[in-house]
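The values are calculated or read from the model by the stated rules, or taken from the named source; none is laboratory data. If you're wondering where the values come from, they're calculated on a predicted model, not measured in any experiment. With ideal geometry, Cβ positions are generated from the backbone for all residues, glycine too; neighbour counts draw on all protein chains shown. Protein only, heavy atoms only, side chains kept; ligands, DNA and RNA dropped before computing areas. Shrake-Rupley method; radii C 1.70, N 1.55, O 1.52, S 1.80 Å.
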Amino acid sequence: LVGLDTESKQLISNRVAATLGLHLHRLPIEILPQQSSELETFARLWERETRLLPIALYLDVRDVEPVAPTDGATQKTTPLNRFLSRSTGLFFLDTRDVWPGLGQTTIFDVSSPTLAEQTALWKATLGPAAGDSPPKLTGQFNLNAIAIRRIAQTVSGEELTDEKDLYNRLWKLCLSSTRPRLESLAQRIEPKVTWDDIVLPGDAAILLQQIADQVGQRTKVYEEWGFSRKTSRGLGINALFAGESGTGKTMAAEVIANNLCLDLYRIDLSAVVSKYIGETEKNLRRLFDAAEDGGVILFFDEADALFGKRSEVKDSHDRYANIEVNYLLQRMEAYRGLAILATNMKSALDQAFMRRLRFIVNFPFPGPAERKAIWQKIFPAQTPKAELDFDRLGRLNLTGGAIRNIAVNAAFLAAMKQPPRVTMSLILDAARAEFRKLEKPVNEADFRIIEVAGAKP
């Protein structure tokens, strides 16, 4: 059973075994004996049980590379081939790809239902209350029949006020169902900022809105208007965010995720990139496969470390480094969802990769007008503040990230004062410390409070 849809594979296996009057047992490949003597004993015991009892075996080998024994299989893969060659009976092999060297084998390609089939399943399980929810759900989430029925059954037992309430509940359940297991490779970010919180030049803001709009309209353009029947490549949406540290790249990714009500995962490149040959590709494959069901925006921070220029091949390390970049280029084109890459060094990225990007959004260093707007939005409404000179604060040559650090530090300084409120004096004290931290020159005249007669402190 070849493919990524394990739930459907298990359903098929159970149905076939039940039809044949067999009891199905599951064996993860990790617990298959590795030593030859133990494997021979296990194979003999299984042969005995199959002759005495009506049983079949489901072997889960999704995370093992399909290498034939004649091609120099590793110690991890050869026990499976030896066990199957010494055993009789019915075996269901759950693999990602076709596994060679297994003898008499019937191959079934198991994939999720098509978008039309998913829409029909949603309508059938939800009934008349479905409204226009099914097309919207299938446009974002790639679910199998089992997951659709499970979500529909969960919603059927809840009290919902109207069609919009039903749609919101279904969306949240789909997010939970498709949330990938990426804890070791990525960190899930809870997006809280909105369009009102971010300050960008007009052209960058327009591009961000276009990215969000394209994610929301994929079904109409690709399926209803037929673009998916013209080509199978490049149907995903990818974007590059380029700019200095602190100019708002991560914040922009959060804004898009919040706007689309999707999960945002920041990729931990230290966990993905490996010095061992072939391991980086395996980690990337796991990453993209886990995110294929939708509901996820992949955010590659410091992307130049992973998507750097391919170099001239001088030794085996250069060759395998280039293979990693080539693999990334292919997976980025095939990925159905939204992938965002952020870099401080746009020039370090491979040009072949740049050509495959749908959007490139430049995040410039904010000017005085942008800095003033950031200062006006940086403090929450609940924060007690004195009258602040935003024009003067806007003249401080800082990025949005540095402004946020100053605002937080000034708030903590204010919390220790009586009365507790953020004042210009505290903000300038925090700004002076931020300048020193960034090793920027400090002109004390820029941080001096000018007393005005009759002015409120």
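Projected label points at PHE412 and ALA205, each 7 Å from Cα along the beta carbon direction, are separated by 3.2 nanometres. Quick check: from the Cα gyration tensor, does the stretch 199-242 come out rounded (a/c under 1.5), prolate or oblate? Here the stretch 199-242 falls in the prolate category. Put a dot 7 Å past each Cα toward the Cβ at ILE55 and ARG86; how far apart are the dots in nm? It works out to 1.7 nm between the two label points.
Could you sort the peptides 134-145, 366-377 by per-residue average Cβ neighbour count (10 Å cutoff), highest mean leading?
Highest to lowest by the protection proxy: 134-145, 366-377.
Checking the cross-link pairs LYS123/LYS172; LYS9/LYS123; LYS136/LYS164; LYS164/LYS377; LYS172/LYS192 against a 21 Å limit on the alpha carbon distance flags LYS9/LYS123; LYS164/LYS377 as lying beyond it. Using the Cβ-Cβ distance between LEU160 and ALA124 with R0 set to 25 Å, the FRET efficiency works out to roughly 0.85. Per-residue 3J(HN,Hα) values for the stretch 260-267, derived from phi via the Karplus relation 6.51 cos²θ - 1.76 cosθ + 1.60 with θ = phi - 60°, read 8, 6, 10, 6, 10, 10, 8, 7 Hz in sequence order (x marks Gly and Pro).
The Rg/Rh ratio of the stretch 108-211, with Rg taken over Cα atoms and Rh as the Kirkwood radius over Cα pairs, comes to 1.06. Shown for the stretch 328-457: the carbon plus sulfur share of the solvent-accessible area, taken with all protein chains present and a 1.4 angstrom probe, equals 54%.
Between GLN104 and ALA348, what length in nm is gained on full extension when 0.36 nm per residue of separation is reduced by their alpha carbon distance?
82.8 nm
On a per residue basis, the stretch 128-264 carries 51 Å² of accessible surface, using protein heavy atoms and a 1.4 Å probe.
Each of ASP289 and SER228 was given a label point 7 Å from its Cα along the Cα-to-Cβ line. The distance between the two points is 2.2 nm.
Which order, highest average first, do 420-426, 397-403 follow once you tally other Cβ atoms within 10 Å for each residue and take the mean per peptide?
The most tightly packed comes first, giving 397-403, 420-426.
Solvent-accessible area of the stretch 162-226 (1.4 angstrom probe, protein heavy atoms only): carbon and sulfur portion equals 48 percent. The length gained by stretching the chain between ILE31 and ALA369 to full extension, at 0.36 nm per residue less their Cα-Cα distance, is 115.4 nm. If you model the chain as an ellipsoid using its alpha carbon gyration tensor, with each semi-axis the square root of five times an eigenvalue, the axes come out at 52, 28, 21 Å, biggest first.
In the context of the full set of protein chains, the stretch 8-64 has a per residue accessible area of 61 Å² (1.4 Å probe).
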